Amino acid sequence: MRNSRRSAVDPFIVMDVMEAARAAEEAGRHIIHMEVGQPGTGAPAEARARLAHDMEAGPLGYSVALGIPELRAQIARLYGEWYGLDLNPDRVVITSGASGGFLLAFSALFDTGARVGLGEPCYPSYRQILRALDLEPVGIPTTLDTRLQPVAADVTAHRLDGLIVASPGNPSGTMLGREEMTALAGACAEADIAFLSDEIYHGIEYEAKAVSALEVTDEVYVLNSFSKYFSMTGWRAGWMVVPDDHVRTIERLAQNMFICAPHAAQRLALYAMECGAELQTNLAVYAENRRLMIEGLPKAGFAHVAPPDGAFYVYADVSDLTDDSRAFAAEILDKAGVAVTPGLDFDPHRGHHWLRFSYARSTEDIREGLDRLARFMAGREVESVAF
């Protein structure tokens, strides 16, 4: 049977790494997972208990397309608590994970062939979802000097219909300050470019609070998810905040594309938002893991990194070690038993010189992973000298 041209998207390489790690574990090996951005914790215990009660009480059928009102209201209150914003809950849309949000946002904002800018390196699925919708991703190379984030000058340097930013970013963990966010939003407004802000890692910050694009403009689509800070990866619940006059457009699309986000996941999300103590305990683990990574990776031989402001990743320049990050990641998995992600996932042009290390798992795993990496790199150096 024929395939569409739009379906010819690239694989999500980290999923291939996960499969290779799974196969190694099935063969009896113990693998340390630094490849995937998935919290080692599950959804908060109290939230799960409350959901179990709801499921026993009766069926959780369809919700309305925009999401259950209680959850939308709770999210609006969160913007008051975190950013001091008075957000109308009517602007909040519950989605089937952030991925469902991107499908809705791209469908609402862009016509076939529209050019959407992405600061590279970036989350790879932006690029592939755009292609699947017959839109054109436009890579914008970033540098360590700008902390791997796009700048306002990039907006005018490309012929764009839209721009996506992510702060904290994936794979870098770096953030845009208020000044930089304001400049990007202003440049997009001046050029009539749709502005989208991926804020999925908000809540996971260390030395400064992340700036929401909603603090500097209302002319933006903000996308978020319960997967990261709220530790609900498999439940597929997320949200968007959109301008007032876009709500009905999104509602019509959501009705037809998804009917609604999973009702049980929405209920769990509502309860998870009330579990602040457990979520802050998780954050303390990430903070300790970050400290270990910033200290341990250079000692192991991965010296060129952009220290992360948030999220749970370190992106390392390994151009002094390899010209093929995919082969290098496979070697690390094979010889060290540590799964890491090649940078080609995030930057198809320069990613062969980069690796992403995730520190979302337990601190015990991070310590063991760093020890294994140090031994691997020491052995590799010995082999090089012997050769």
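Read the figures in this text as sums done on the coordinates, not as results from a lab. Note that the coordinates shown come from a computational prediction; the quantities given were computed from them, not determined experimentally. With ideal geometry, Cβ positions are generated from the backbone for all residues, glycine too; neighbour counts draw on all protein chains shown.
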Give the separation of the Cα centroids, region 154-175 to region 10-64, in Å. 28 Å
Find out how many positive minus negative residues lie around residue 229, taking Lys and Arg as positive, Asp and Glu as negative, among other residues whose Cβ is under 12 Å from that of residue 229. -2
Quick check on region 59-274: of the DSSP beta bridges with both residues there, what percent are antiparallel, nearest 5%? 30 percent
Net charge near residue 318, counting Lys/Arg +1 and Asp/Glu -1 over other residues with Cβ under 12 Å of its Cβ? -1
Using the eigenvalues of the Cα gyration tensor, what equivalent ellipsoid semi-axes result for the chain when each is taken as the square root of five times the eigenvalue, whole Å, largest first? 33, 25, 20
Peptides ranked, highest mean first, by Cβ atoms within 10 Å: ranges 268-278, 316-326, 222-232: 222-232, 268-278, 316-326
On C-alpha positions alone, give me the angle between the axis of helix 97-109 and the longest principal axis of the chain, in degrees, nearest 10. 60 degrees
Sequence-distant lysines (8 or more away, or on other chains) whose Cα lies within less than 21 Å of residue 299: 335
Working from Cα positions, state the angle (0 to 90°, nearest 10) between the long axis of helix 13-26 and the longest principal axis of the chain. 60 degrees
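Please give the calculated 222 nm ellipticity per residue for the chain, where each DSSP H segment of at least 4 residues contributes -39500 (n - 2.57) and the sum is spread over every residue; nearest 500 deg cm²/dmol? All intermediate terms of the calculation are to be shown ahead of the outcome.
Working: 12 runs with 165 residues, N = 387.
Taken over the chain, the calculation gives -13500 deg cm²/dmol.
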Stretched out fully, how many nm does the piece from residue 24 to residue 367 gain, at 0.36 nm a residue minus the Cα gap? 121.4 nm
Mean separation of Cα pairs under 8 Å and 6+ residues apart, divided by the residue count of region 59-274: what relative contact order is that in percent? 27 percent
Lysines with Cα under 24 Å of residue 209, excluding same-chain neighbours fewer than 8 positions away: 228
Give, as a single signed number, the net charge of other residues whose beta carbon lies under 14 Å from the beta carbon of residue 52, with Lys and Arg counted +1 and Asp and Glu -1. 0
For the pair residue 252/residue 57, report the inter-label distance in nm, with labels modelled 7 Å from Cα in the Cβ direction. 3.6 nm
Sort out for me the Cα centre separation of region 102-118 from region 247-263, rounded to whole Å. 17 Å
Determine the gain in length on full extension of the stretch residue 264-residue 86; use 0.36 nm per residue of separation and subtract their C-alpha separation, reporting nm with one decimal. 61.3 nm
